[in-house]
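Accompanying notes for the structure given below.
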């Protein structure tokens, strides 16, 4: 009997991408929590799967040729699962290019800029005594994130989903558009994005994936909060330099 796919996960937007994909594709999988606030992503066992020390990562016991394979980076995981399942990742070249350009737009733009906006707006204040140091970063990344929402707004004009049909591109983008208010974005300014976000969020598989992630979220520490535990986790997450 084939063993389930192991998804190494923590409830962040990048983590939610892969559980959404696994639920949508009907794959047999198990969540293996990786508590990034506790530094579990730096364990030798996890680093063997993800040399970048970032989750998510995947271990498929039944990979190509029936042999195990590990995959790191969320975009690569989505492509792998799409190929494995034959779902939500078209084989037609034009359709595939449309999916891939939006997938990599998220990986290279919306994710990093959304993460930086979130950091400066919500976490950085607890890490510096001089709040004047925060203004430029908060404004810079909030403005860039607003620009990217404008790109989404135009991209969804006349479309229900980013590549026409629902695809791994939507699965990648949606978790990063899920918490707009915390990043200084008002979805009422972007009606196409708001309608799309509601449409995706109403899908049963998306709701199942988010519910499964909630158990891990209940154990997470508020990184914007006070206390020794929050301070220790901020140092782990935001204070890393090259490791040799």
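Here are a few things to note about the model shown:
- Residue check, residue 35 closer than 20 Å to residue 118 by Cβ, assigned by TED's automatic domain parsing to the domain that holds residue 68, in contact (Cβ under 8 Å) with a residue 40 or more places away in the chain and more than 14 Å from the chain's Cα centre (by Cα): yes
- Check on residue 130, more than 15 Å from residue 109 (Cα to Cα), in contact (Cβ under 8 Å) with a residue 40 or more places away in the chain and not assigned by TED's automatic domain parsing to the domain that holds residue 76: no
- Qualifying residue in region 69-88 (condition: over 18 Å from residue 172 (Cα atoms) and out of contact with any strand residue (DSSP E or B) (no Cβ under 6 Å at 6 or more places or on another chain)): no
- Residue in region 39-50 that is modelled with pLDDT under 95, out of contact with any strand residue (DSSP E or B) (no Cβ under 6 Å at 6 or more places or on another chain), under 17 Å from residue 212 (Cα atoms) and surrounded by 15 or more Cβ atoms within 10 Å (Cβ to Cβ) present: no
- In region 197-214, the residues that are surrounded by 15 or more Cβ atoms within 10 Å (Cβ to Cβ), in contact (Cβ under 8 Å) with a residue 40 or more places away in the chain and assigned to a helix (DSSP H, G or I): 205, 206, 208, 209, 210, 212, 213
- When we screen 103, 134 for residues that are closer than 27 Å to residue 18 by Cβ and surrounded by 13 or more Cβ atoms within 10 Å (Cβ to Cβ), the only hit is 103.
- Among (1) touching a residue at least 12 places away in the same chain (Cβ under 8 Å); (2) closer than 21 Å to residue 166 by Cβ; (3) not assigned by TED's automatic domain parsing to the domain that holds residue 164, the one test that residue 99 misses: (3)
- The test for being in contact with a strand residue (DSSP E or B) (Cβ under 8 Å, 6 or more places away or on another chain), modelled with pLDDT of 95 or more, under 21 Å from residue 18 (Cα atoms) and not assigned by TED's automatic domain parsing to the domain that holds residue 17 holds for residue 170.
- Considering residues of region 180-196 that are under 20 Å from residue 137 (Cα atoms) and touching a residue at least 40 places away in the same chain (Cβ under 8 Å) only, the residue surrounded by the fewest Cβ atoms within 10 Å (Cβ to Cβ): 182
- Each residue in region 49-61 was checked for being within 22 Å of residue 2 (Cα to Cα) and out of contact with any helix residue (DSSP H, G or I) (no Cβ under 9 Å at 6 or more places or on another chain), and 2 pass.
- The criterion of at least 1 residues that are more than 14 Å from the chain's Cα centre (by Cα) is met, among helices (runs of 4 or more DSSP H) falling completely within region 76-180, by 93-105, 111-118, 135-155.
The values are calculated or read from the model by the stated rules, or taken from the named source; none is laboratory data. From a predicted model like this one, the values you see are computed outputs, not experimental measurements. Cβ atoms come from the backbone with ideal geometry, glycine included; neighbour counts cover every protein chain shown.
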